[in-house]
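The values are calculated or read from the model by the stated rules, or taken from the named source; none is laboratory data. Fair warning: this is a prediction, and the values are worked out from it, not measured in the lab. Note that each Cβ is placed from the backbone with ideal geometry, even for glycine, and that neighbours are counted across all protein chains shown. The protein model used for the area step is the full one, side chains on, heavy atoms only, and it has no ligands, DNA or RNA in it. Shrake-Rupley method; radii C 1.70, N 1.55, O 1.52, S 1.80 Å.
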Amino acid sequence: MCAFDERTPNSTDNLGGLLQATSYIGGISGGSWLVMSSFVNDFVPVYQLKDDENSWSLLNQLLEGVASFDPGPIQNQIQSDYKDPPTVPKVEADEGLFRSVVRIFGLGKKLGAKTLEKKLDANNQEIKVDAKNLESPNSFVLNMFKNIFKQQESNKQKQTSNLEVTSLKDVIKFYKQLLIEVRPKRLSGFHVSFTDYWGRALARRIFNTLGKSPGSTLTDGTRLPSFRTYQQPFPIICAIEKYPNISETSSDSHLFEFTPYEFGSWDSYLNAFVPVKYLGTPLIGGVSTMTTDNPNISVCFSGFDNVCFVTGTSSSLFNHIFVYVYQLLGDCQLVASMAIGTILKKFGLSSEFVSVEDPQVHPDYALYSPNPFYGHNTTDSQGRKISNNPHMYLVDGGDDGQNIPYQPFLAKSRKVDIILVYDITADINNYPNGTTLKKSRERYHNYQSTIDLPIFQLPQKRLQNFQRFFNQSMKYSFPFVPTPEQIERDHLNQKPLFLGCDIEKDYPNVPANSSSISHFNSELPPLIVYNTNQNYSFNSNRSTFQLSYSKDEVDGMIQNGYNMATFMNSTIFGVCLNCAILKREFDRIEYLINRNYLEPFKIPKICVKCFDEFCWSQDPSN
């Protein structure tokens, strides 16, 4: 955003101003933080936000008392425990709380070939961990509880990394305040989940004073000056609708989007939206059940579209981690662990995951209850119906492996020409390898899908003798993409890739028997400019679960993003990106969609060279 923002110092020497010309901006999971932060903070430039502690408070831990950690091992353990529930070792009833936690999670016993080296000091309760065992799921728990129970003489002290150290008293105060802020929603009769508290924690770190307010909503954001005057791109963030205890892949997951005006899905299992302002209203078939004496007037709720809750919904990956921790603690019958259980239950955490009808026993999902699409007519759709359940459960937008929100920008009504993609996924050593491209390809090229996939019809084309031919070929709107193996082998992550340059050869044909044929798009599909996070100028492979950043880290990450977006401030790439922006207009001229050019038209030579350099095709001859 800094690179494309004309307000960033010196950006106009290259690509500055492109952000102001952008129609939409989308994000999933952690990406939703930046999208919503820009929206709620009234489109203040990033270079100003990063130094404004009232907006971006990144020096403090995102979750007080919880240290940054690597979630990989514990996520693997969670997956394993779906099949084999964890067993908790017995602990002695007279053990202290901290020692109990240590024993519960197996700290101090053999893990693999090495033994964790444990040292509990009576004064500061420090633990020393063998570095070779840091890949254990137990190390996550160790760091978490070590940080919570470590007493500090003063919370004004600073670590060498400039990150603030928090006392136990401040930790308790932090979570107590979260409870207080979410309480009105519970008292109003709505179900509350961990996402409500997670969203409140996020607000403290990425939103300004207005956004931090417990009553701030997406609807409120539409009254901000930069939004009303169309200065900022239209924000879209995504989440996945999921039914508890049912496993779905990227091929059949239910993708939903939030905008400042609407919430819903373009996919054929629903293909419906509701005004985001009236989320929380009990609806049947889109009609409020809260009637009045006047049969023509019904009552609707407002305020459910809390901007923190919505942002937390798209980035609710943390929920799985903390529910797992709670379940382990809940299995121990110590007075200490029971006390912890009591505290966590206040946040809606429960280990009784048995009923899909009772939202209260699924706190690891963002609860959208009542379901705004309850009773909606979806008789023509195939697959799992979402209109039969009075409750809706949403999870992290990247839960199905699609960490890039292509879905909103493939909708034909938005008429998007180009999608600038920045893949910050942590695939190998916290750098991306194109796995998210693979997951999206599996969805949008699945000819057996029960969902009507976005497709387009190849239009008529101008021949050299100015005659025309009409090609009835139907193609999927998502292009061929390189596999993770190809990206690594051919070092395709070392530069930007233009995907879908040739609309004839770079898009797969739709089988004649596909149900999607009746729903084709008359618009050409957008070109995708795919960029991957790399160490251009800073080690940017930071974990999603790094919960605080020093000023040097913030500056380094932003500068690295600037260098990624500009391809190290390359003048040639700046020209080529402009050619990419014009590519679909070139195609509309070639295929006689734009009839303003009746004379022969040739693509500028510099653009031809750019396409030769950056366009990727799986066809070796192309």
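Observations on the structure shown:
- Residues being assigned to a strand (DSSP E or B), in contact with a helix residue (DSSP H, G or I) (Cβ under 8 Å, 6 or more places away or on another chain) and buried (at least 21 other Cβ atoms within 10 Å of the Cβ) - total across the range 233-275: 9
- Cβ-Cβ under 7 Å pairs, at least 6 apart or on other chains, the range 8-20 side closer than 19 Å to Q232 by Cβ, far side among the β-branched types (V, I, T) and surrounded by 15 or more Cβ atoms within 10 Å (Cβ to Cβ): L15/T566; G16/T8
- When T425, T436 are screened for being farther than 24 Å from R588 by Cβ and not in a helix (DSSP H, G or I), only T425 passes.
- Filter result for Y444 (open to solvent by 30 Å² or more (accessible area, probe 1.4 Å), of a type in the set (S, T, Y) and either without any contact (Cβ under 8 Å) to a residue 40 or more places away in the chain or farther than 19 Å from W266 by Cα (or both)): no
The rows are residues; the columns are (1) in contact with a helix residue (DSSP H, G or I) (Cβ under 9 Å, 6 or more places away or on another chain); (2) part of a strand (DSSP E or B); (3) surrounded by fewer than 18 Cβ atoms within 10 Å (Cβ to Cβ); (4) at pLDDT 90 or above.
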position: F353; (1), (2), (3), (4): yes, no, yes, no
position: Q360; (1), (2), (3), (4): no, no, yes, no
position: D364; (1), (2), (3), (4): yes, no, no, no
position: L367; (1), (2), (3), (4): yes, yes, no, yes
position: F373; (1), (2), (3), (4): no, no, no, yes
position: G383; (1), (2), (3), (4): no, no, yes, no
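- A residue that is at pLDDT 95 or above, under 32 Å from the mean Cα position of the chain (by Cα), assigned to a loop (DSSP other than H, G, I, E, B) and surrounded by 17 or more Cβ atoms within 10 Å (Cβ to Cβ) can be found somewhere in the range 567-574.
- In the range 385-434, the residues that are of a type in the set (S, T, Y), over 15 Å from the mean Cα position of the chain (by Cα) and within 28 Å of F4 (Cα to Cα): S413, Y431
- Scanning the range 247-270 for residues that are farther than 30 Å from S213 by Cα, out of contact with any Asp or Glu (no Cβ under 6 Å at 6 or more places or on another chain) and in contact (Cβ under 8 Å) with a residue 12 or more places away in the chain returns E248, T249, D252, W266, D267, Y269, L270.
- Answer from C300, C308 - the residue that is at pLDDT 90 or above and over 26 Å from the mean Cα position of the chain (by Cα): C300
- Sole residue being modelled with pLDDT under 85 and of a type in the set (G, A, S), chosen from S188, S226, S247: S247
- Within the range 1-40, the set of residues being in a strand (DSSP E or B) and crowded, with 23+ Cβ neighbours inside 10 Å comprises G26, G27, I28.
- Residue count for the range 278-315 under the criterion of being open to solvent by 10 Å² or more (accessible area, probe 1.4 Å), within 27 Å of M36 (Cβ to Cβ) and in contact with a Cys (Cβ under 8 Å, 6 or more places away or on another chain): the result is 1.
- Top-ranked residue in the range 530-566 [being in contact with a Ser or Thr (Cβ under 6 Å, 6 or more places away or on another chain) and closer than 30 Å to I606 by Cβ; ranked as most open to solvent (accessible area, probe 1.4 Å)]: Q559
- From the options V554, V481, V575, V529, residue that is closer than 29 Å to C2 by Cβ, of a type in the set (V, I, T) and without any contact (Cβ under 8 Å) to a residue 40 or more places away in the chain: V575
- Options K602, K583; residue that is under 32 Å from the mean Cα position of the chain (by Cα) and either within 16 Å of P525 (Cβ to Cβ) or without any contact (Cβ under 8 Å) to a residue 24 or more places away in the chain (or both): K583
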